[in-house]
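Structure record follows, encoded as structure tokens.
Nothing in this text is a laboratory measurement; each read-out follows from the coordinates by a stated rule. On a predicted model such as this, the values are computed, not experimentally measured, just so you know. Cβ coordinates were reconstructed from backbone atoms using ideal geometry, including for glycine residues, and neighbour counts include every protein chain displayed.
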Amino acid sequence: MTIKAKLVPDKSILEIQQKITYYNHSKDTLHQIVLRNWGNSYKNDNTPLAKRLLEDYKTDFYFSKKEDRGYSIVHFIKSNQQETSFHSPHHLQDLIFVNLSHPLYPNDSTKLDLNYTLKIPNAKFTGSGKKGIDFYLEDWHITPAIYTDKWQLDSHQNLNYQYKLPTNYSIEFTTPIGYNIHSNFHKQKTTGNTTTTYLLNGKGITHTNLSIALLRSYLEVPTYPAKIVTNFISNKIPMATQKMRMQQMMFFLNDHLSYLPHTKIIVDQKIYNQNPIYELKYLPRQLHPFKSEFKWEAEFFKALVSQYVEQIVNVNKNEDYWFAEGLEIYLFTKYMNLYHPNAKLLGRLSNVWGIKSMNIAKQSFNNKFNMVNQITARENLDQDLDTPYNKLSNYNKKVVSPYKSGIGFLYLKEYIGEEILDNSIYTFISNNRGKSIHSKDFLATLQSNTDKDISWFQKEWINTKKKIDHKIIDTNFKKDSVDITIKNKRSITTPVLVYGLKGKTIKSKTWVDGFKDIKKINIKNDSLDKIVLNYENIYPEINYRNNWDNKKPKLFERPIQISLLKDLNNPRKNQVFLKPEGDYNYYDGFILGVSVQNKAFLHQNLEYALKPTYSTASNSLTGGFNVDYSVFPENTIIYQTNFGVTGSNYHYAPELNYNTVAPYFSISFKQKDFRALGTNKITARFLVIDKEVAAGTQKTDEDDYHLFKLDYLFKMNKLIHNYQLNVNTEIATKFSKLNVDFRYRHLTNQKRPIEFRFYGGAFITNNTSSDYFSINQHTANDYLFELPYLGRSETSGILSQQYFKSQGGFVSQNNPGFANQWLTSINTSVGIIRWVEVFNNVSLLKNRNSSAFFDYETGVRLNFIPNILEFYLPIYNKEGFVTQQDNYINNVRFVVTLKAQPIIKFLKQQLF
């Protein structure tokens, strides 16, 4: 490929002339060639990239100005020096289909000449483009798509990856004087009066990233076997130390992966920022538990190993990402174990009093890969490692899948031996230098170098998301041996590692090949006093608590451990955590207490929380409890099933409390697309509610009642089009009703939200004599005690103005206000500017022995923080202008949330 490019910085434009010699290595005769024109991905909102960014909850591109976007204008394409026709489909604007002037037969070649203008986008969208006065270019020129038995139509989807075959490049790149180009290419520089011309050459290049900086040079470190070119340096560490560490890293990688095919390797900080070590990058500097030198070294090696593997391993990442990314994690763990064997997950915090006794403080720095993988796997949020790269959820793509891939290499290392694995990696990469490789070929190489059967690795570890859980059923300690019976509680058939221990000393390690159901083995008794499965956490298990058996059973096999802070699960302890609790309502005042719970970092099937509290205003003990048992089924459409019971005791009026007990059962269904955020859930609850009444007052059906509620909730959380449907039915002794609540939210590209809500509620039967259970038009009648009212019994004053968009959803508190037959309403809201919106509500309700009643209202909504801090100012309703009424301020309604969970959720959305 030959490229002649000229940069016009003030217009963010590249003028490009390009020649491509394309070789047909397939068995088919080609009549057209598909070219990837990824510069055109930034053209409008209809490109695959634009849609992907919205799926990723990134709004910068959707709300961007036209001048910040990019595009590509192709002036002509010639095939063998004859101008030819070409087109880009509407749904694939970043691909060009070129009609060849002559058929291209197998083993033949053709020449394409292209002339086009590239408008460089702002780098804030994907990291590639213009950033300030500098430019960082990825996938900036047109490249041929890959052809096997058909064209691979891979569009730009912000995956920081494009699969390209090794190509020979000759590039002439002209910039205004003062700009420096940094890359992996061999570089020659010629400076004129106003421009600088760079000649960039390289053979077998797969990544043509260019960093173009104005009056700013990168550090060039003459390391072996290739020079490091980088801007990833620290001003807190002596330069000599940084250079020494860089050479140390290069020696390490050269020993494990063989030499680089190029003379330079560029390590740009942007590369690291795309896939950082999250706990090192995002933790505030003031709270950082790691020394500056350790932090920089870990981060730099993470970026370097990524670039090294990328240059030396030519793999189709969309299909075989696990091999490249798992190799990076494996090498990272080896490097850290070699040079920082005592590094802890919490850094210096591991030595702080009150923390150092915690289980998480004892974990090594590298154990984070296993821990994060387990947190996700236990909640059934992980995906198979053979899932196409562009189908992975963001969290799986960035964190979980690379971690599981790396753990797979560590698993193999222990099973077949470190020397066999490392030699196989080195030999495989050396023998396939410059070739497109496949992970199955690597596994075949590995199998040829060991007598052990590793077919389970592809079949079980890569192709499924099955979980591991083995249990010791029985042990029989004899004089010279130990008989052990192991049960496989899952369907996965991976190897099991059996340890023989004396105290904490490992006396023996025995691998048992994968099996189903029951396996009996016999090991040598070398003064052993306990048998443990997977003692060193070599591979992740869904349950570690059943992995132990002592020679002499103890009265308390798992003693109770009480901690003030949430901790990592310890399978040898019954952990109890004390969590401070705080809340407020008008009748209880400040509610202070402590939650006694067993919820650790890793999810457990059975979790409980007991919350005894003291209410300052009522001067009484209050509180609640929750016991939940959850199951995450495998290979079904069900994501999670829960059943349990909740209860609470608080005040609903001055000196009058209420008690609720609610056993429940719920089923959550899996999303068809793992990248889609949403909920699809059915919940059944039986509520027992008992309200205290004033002395001398007779209890009625409104004070002591039972109710069954069946609820279906469907949510599709998207930035631009957000849907929610809630259908529920309530069945009690004297009534039954059906409710439908549908909500839709659209965000325009002018950042103006448009909201629509339809509510319909109807009694199926109603033998009640009051409006206590009726459908409310303006103030949700929370007889189920589900809403966080600050003063639920107040009929006047500021607390009576608290608002929840529930039932009728009206703001104005007009008569009749209740419906004992049916009620329908439509609530809309349209953004005007920033947090100022206009709302409109209409309703139609029907009471027994009365005609249907129509009502409407309009006003202004100040939506400062959605669902946390809002104000509703009614302007006009059926009775006229509300603003002209006396005491208008009493008609203003507000939304305020004091609960920690929704506030934390909002902050997370803003940060990430």
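Can you put 774, 26 in order of Cβ neighbours within 10 angstrom, beginning with the fewest?
Ascending number of Cβ neighbours within 10 Å: 26, 774.
Between residue 862 and residue 259, 0.36 nm times their residue separation minus their Cα-Cα distance comes to what?
210.9 nm
Would you mind working out the magnitude of the charge dipole of the chain relative to its Cα centre, with +1 at each Lys and Arg C-beta and -1 at each Asp and Glu C-beta, to the nearest 20 Debye?
Value, rounded to 20: 1920 debye.
Quick one: Kirkwood hydrodynamic radius for region 668-713, alpha-carbon pairs, angstrom, one decimal?
14.0
Over the Cα atoms of region 603-717, what Rg and Dmax result, in angstrom?
My reading of the Cα-based Rg and Dmax gives 18.3, 59 Å.
Which whole-number percent of Cα pairs in region 242-317 have a distance greater than 16 Å?
Here the tail beyond 16 Å accounts for 54 percent of pairs.
Looking at region 1-216, what % of its DSSP beta bridges pair antiparallel, to the nearest 5?
90
Please arrange 136, 614, 57 by how many other C-beta atoms lie within 10 Å of their C-beta, fewest to most.
The fewest-first ordering by Cβ neighbours comes to 57, 614, 136.
Report, in degrees rounded to the nearest 10, the 0 to 90 angle that the Cα long axis of helix 439-448 makes with the longest principal axis of the chain.
Helix 439-448 and the main axis of the chain meet at about 70 degrees.
Mean separation of Cα pairs under 8 Å and 6+ residues apart, divided by the residue count of region 347-462: what relative contact order is that in percent?
21
Which net charge results when you count Lys and Arg as +1 and Asp and Glu as -1 among the other residues whose beta-carbon is under 10 Å from that of residue 772?
Local charge sum for residue 772: -4.
Where does the chain land on Rg/Rh, using Cα atoms and the Kirkwood Rh?
1.01
Once the Cα atoms of helix 900-911 and of the chain are each reduced to a long axis, what angle between those two axes, in degrees from 0 to 90 to the nearest 10, is obtained?
Approximately 30 degrees, to the nearest 10.
Region 569-631 to region 297-331: how many Å between their Cα centroids?
So the separation of the two Cα centres works out to 44 Å.
Considering the options 664, 632, 85, tell which one lies farthest towards the positive end of the dipole of the chain, charges being +1 on Lys and Arg and -1 on Asp and Glu at the Cβ, about the Cα centre.
85
Among 769, 170, what is the fewest-to-most ranking by other Cβ atoms within 10 Å?
With the fewest neighbours first, 769, 170 line up as 769, 170.
Between residue 490 and residues 5 or more places away or on another chain, which pairs have amide H atoms under 5 Å apart, with H built 1.01 Å from N, and which residues are they?
Close amide H contacts, sequence-distant or interchain: 469.
If you place +1 on the Cβ of every Lys and Arg and -1 on the Cβ of every Asp and Glu, how big does the dipole about the Cα centre of region 444-514 come out, in debye to the nearest 20?
The dipole of region 444-514 has a size of about 400 debye.
Place a +1 charge on the Cβ of each Lys and Arg in region 531-575 and a -1 charge on the Cβ of each Asp and Glu, then give the dipole magnitude about the Cα centre in debye, rounded to the nearest 20.
Once rounded to the nearest 20, the dipole reads 240 debye.
What's the center-to-center distance, using Cα atoms, between region 464-511 and region 202-244 in Å?
Their Cα centres are 49 Å away from one another.
If you fit an axis through the alpha-carbon atoms of helix 292-312 and take the longest principal axis of the Cα set of the chain, what angle between them do you get, 0 to 90°, nearest 10?
60
Provide the net charge surrounding residue 625, with neighbours chosen by a C-beta distance below 14 Å and charges set as Lys +1, Arg +1, Asp -1, Glu -1.
0
Using +1 at the Cβ of each Lys and Arg and -1 at the Cβ of each Asp and Glu in the chain, identify which of 251, 722, 862 lies farthest towards the dipole's positive end.
Farthest towards the positive end: 251.
Taking 45 Å as R0, compute the FRET efficiency from the Cβ-Cβ separation of residue 716 and residue 505 and round it to 0.05.
In this case the efficiency is close to 0.25.
Once the Cβ-Cβ distance between residue 111 and residue 545 is put in as r, and R0 is 60 Å, what FRET efficiency do you end up with, to the nearest 0.05?
FRET efficiency, residue 111 to residue 545: 0.35.
Can you give me the relative contact order of the chain as a percent, contacts being Cα pairs under 8 Å and 6 or more apart?
Dividing the mean separation by the residue count of the chain yields 5 percent.
Which residues' amide hydrogens lie under 5 Å from the amide hydrogen of residue 123, considering only partners 5 or more residues apart or on another chain, with H built in the peptide plane?
Result for residue 123 returns 130, 131.
For the chain, what does the helix formula give at 222 nm: sum of -39500 (n - 2.57) over DSSP H segments with n ≥ 4, over the residue count, nearest 500 deg cm²/dmol?
-5000 deg cm²/dmol
At what distance in nm do the modelled label points of residue 881 and residue 375 sit from each other, each positioned 7 Å from its Cα along Cα→Cβ?
5.6
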